[in-house]
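So the structure is just underneath, and the comments pick up after that.
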């Protein structure tokens, strides 16, 4: 997911792109009905179809539609400056282009972010505006991904599995186990190994799509989560990084498409999500690929619907 630069800090702060609204700015949310569509469910597609020649229906998967957020604003400015302040607001929220911008809302102590575009704005004229009181303004933002995310991105990495070297008996000839010391410090099991696993905790209430980066050298890189597997028939060099964006459904290497390299055992990228709770993600490769420099990095944000 794109990086988020959050400049707010107080309850009531809202940031769309580079525009900060709320305490200490020219615009604040109204006291009555300040924001709609943020802390509420969104319309859903159920996929339910009627049964043929039987009562009832076959339940389909429930999928959320886009989230529409309406922010109602009130503002203050110097007398005679209302038009200038309104033009500044609309210039920063102009619905031009396809790129979605981060929308960060802090209603209490925890800000959440979604990505969307302004599709409508309103700033109706009034007699009070000439005196510097701006009322009735609003922004309507459509977020194609209805989930709201933690602002801070989380990162975890794992290298390929490496076994411990085991107990040292000394020698040859063997001199026995070494307890260290004196005083004795205990048995030495050798250099710690690696499980090849990483922990990814989703503190939200909705599965989240991670971005996975696999750095070489490695052959047939594989990432698993429970029964889900992402596996690619590639050999990555020491300077290669394979990027898997599970939300976009893309697999790239140096900016070039490598989606075709997915093996027959690999699941569709869009199905690889981190459910709410603690998840163990495993990094594996071809049995002959054991270079300790190879690494898988998972980036994600906790998701809320």
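The values are calculated or read from the model by the stated rules, or taken from the named source; none is laboratory data. Please read these numbers as outputs of a predicted model, since none were measured by experiment. With ideal geometry, Cβ positions are generated from the backbone for all residues, glycine too; neighbour counts draw on all protein chains shown.
So if I check each of 120, 87, 135, which one is at pLDDT 75 or above and part of a helix (DSSP H, G or I)? If you could, list the steps in order and put the result at the bottom.
Numbers: 120 fails: part of a helix (DSSP H, G or I); 135 fails: part of a helix (DSSP H, G or I).
The unique qualifying residue is 87.
For the range 219-253, enumerate the residues that are under 21 Å from residue 1 (Cα atoms) and part of a loop (DSSP other than H, G, I, E, B).
Those that are under 21 Å from residue 1 (Cα atoms) and part of a loop (DSSP other than H, G, I, E, B): 240, 246, 247, 248, 249.
For the subset of the range 73-100 comprising residues that are within 21 Å of residue 23 (Cβ to Cβ) and within 27 Å of the chain's Cα centre (by Cα), which member is surrounded by the fewest Cβ atoms within 10 Å (Cβ to Cβ)?
Here is the first cut: in the range 73-100, the residues within 21 Å of residue 23 (Cβ to Cβ) are 73-78, 81-82, 85-86, 88-89, 92-93.
Next cut, within 27 Å of the chain's Cα centre (by Cα) only: 92-93.
Details: 92: 14, 93: 20.
Applying the filter and picking the extreme gives 92.
Given the residues 289, 261, which is the only one that is surrounded by 14 or more Cβ atoms within 10 Å (Cβ to Cβ), more than 30 Å from residue 146 (Cβ to Cβ) and either modelled with pLDDT under 95 or in the same structural domain as residue 68 (by TED's automatic domain parsing) (or both)? Outline the logic, then answer.
Values: 261 fails: either modelled with pLDDT under 95 or in the same structural domain as residue 68 (by TED's automatic domain parsing) (or both).
Residue meeting the stated conditions: 289.
Applying the selection to the range 198-233, what residues are under 22 Å from residue 270 (Cβ atoms), more than 22 Å from the chain's Cα centre (by Cα) and crowded, with 20+ Cβ neighbours inside 10 Å?
221, 232, listed by residue number.
Quick one: is residue 212 touching a strand residue (DSSP E or B) at 6+ places or on another chain (Cβ under 7 Å), outside the structural domain of residue 111 (by TED's automatic domain parsing) and in contact (Cβ under 8 Å) with a residue 40 or more places away in the chain?
Yes; evaluated as a whole, the condition is true for this residue.
Look at the range 20-67 and say how many of its residues are in contact (Cβ under 8 Å) with a residue 24 or more places away in the chain, assigned to a strand (DSSP E or B) and over 25 Å from the mean Cα position of the chain (by Cα).
The number of residues fulfilling the criteria is 3.
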